[in-house]
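S.K.: Submitted below is the structure of interest, expressed as structure tokens.
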Amino acid sequence: MNLESEIMIAPGSRRLAAAARVLALAAATFGVCALAVVAVFIFRRDALPFYVLSEQTYGRFWPHLPAMAAHILGASAALFLGPLQFWEGLRRARPALHRAVGYGYLTGVALGAASAFYMSFHLDLTRTVGFAVGLFCLAVCWTGTAGLSWWAIRGRNVALHRQLMAQNYALTLSFVVTRWLFDAPIAFIQDMGPMRYITMGWVGWVMPFALTGFYMQLRSSRRGGRV
């Protein structure tokens, strides 16, 4: 292939690469919007009612009201503050606000995770050892990635901070993913019987956590170590 042929091919390759980037961005935008719609729907249906502090609302969880209310409040704050942490425009234009939102997010995670630790040992929600262990492990990973992300940004390791924050928010979304899996019209999930409760309690957080970590590593390798 001569130089003239290479010059003729190069613009076409660049256009193809640009088109691929546009399609990838469009797919990512659609995915984020769809996830946001699902998150708001599930929050409104399954979490918002618990903002009414009454025995009728909490039912069998009423004796554990402080832990349940703390979990719902903290997880809700993390759920809705999290996307602001990934808003590049906010980080660049208002770094002080970005930090304030970050501290608010981490506070929500700390509150939600602490109450999750409590629930894994006390609530009759944990009617099986399998689910209780899954909830405990989720709380460990949720707390660990939040603490490590704070430690990373304190050390000016922005790439590691972003990766850990992405994985932490994947854990924050475990409530949404788990509820969606419970409702999904997938035959083998609906036919699990009692095991469905335990299985979805694990899959709902392990799957998004692992996939996010894989994606961030892949993205980092393509960018030469920059996330």
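S.K.: Could you give the length gained on full extension between residue 15 and residue 70, defined as 0.36 nm per residue of separation minus the Cα-Cα distance, in nm?
M.R.: Net length gain for the segment: 14.7 nm.
S.K.: Quick one: length gained pulling residue 199 to residue 122 fully straight, 0.36 nm per residue minus the C-alpha distance?
M.R.: Extending this stretch completely gives an extra 25.7 nm.
S.K.: At 1.4 Å probe size, with the rest of the protein present, what percent of the exposed accessible area of the range 96-168 is carbon and sulfur atoms?
M.R.: Carbon plus sulfur share of accessible area: 71 percent.
The values are calculated or read from the model by the stated rules, or taken from the named source; none is laboratory data. For clarity, every value in this text was computed on a predicted model and none was experimentally measured. In case anyone asks, the SASA skips ligands and DNA or RNA and just uses the protein heavy atoms, side chains included. Shrake-Rupley method; radii C 1.70, N 1.55, O 1.52, S 1.80 Å.
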